[in-house]
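Here's the structure we're looking at; comments come further down.
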Amino acid sequence: MLTVDATTFWTLLEQTDVLQLIVETFHALPEKYQRLLFWREIEGLSLQEIALRTGTTEPVLSTELWRARKLLQREYQRRRFKDLLSPR
């Protein structure tokens, strides 16, 4: 019983650390990317709705969202694994 509780505890701590890292990484993005990701991923707005808000076209918006996601992913991985990689 104690082992299960300890495992659950450490799993929760790790998830909290991961969540904190995601939040920090999100806030490190340019404001433009934060807004686009928030509208699309959190609020669930369609590309058409976001395009109306930003005054841009859907193809341009699609490219910008792709860039925002890639930057978020790359920055998250850099932060998450920085201690595992030796400096170059």
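The values are calculated or read from the model by the stated rules, or taken from the named source; none is laboratory data. Remember, it's a predicted structure, so these values are computed and weren't measured experimentally. The protein model used for the area step is the full one, side chains on, heavy atoms only, and it has no ligands, DNA or RNA in it. Shrake-Rupley method; radii C 1.70, N 1.55, O 1.52, S 1.80 Å.
Some observations on this one:
- Scalar couplings 3J(HN,Hα) for region 53-70, obtained by applying the Karplus form with A = 6.51, B = -1.76, C = 1.60 to θ = phi - 60°, are 5, 9, x, 10, 8, 4, x, 5, 4, 4, 5, 5, 5, 4, 4, 5, 5, 5 Hz; x denotes Gly and Pro.
- Accessible surface of E31, taken over heavy atoms with a 1.4 Å probe and every protein chain present, rounds to 120 Å².
- Averaged per residue, region 29-87 has 75 square angstrom of accessible surface, using a 1.4 angstrom probe with ligands and nucleic acids left out.
- Rolling a 1.4 Å probe over the protein chains gives K32 an accessible area of about 100 Å².
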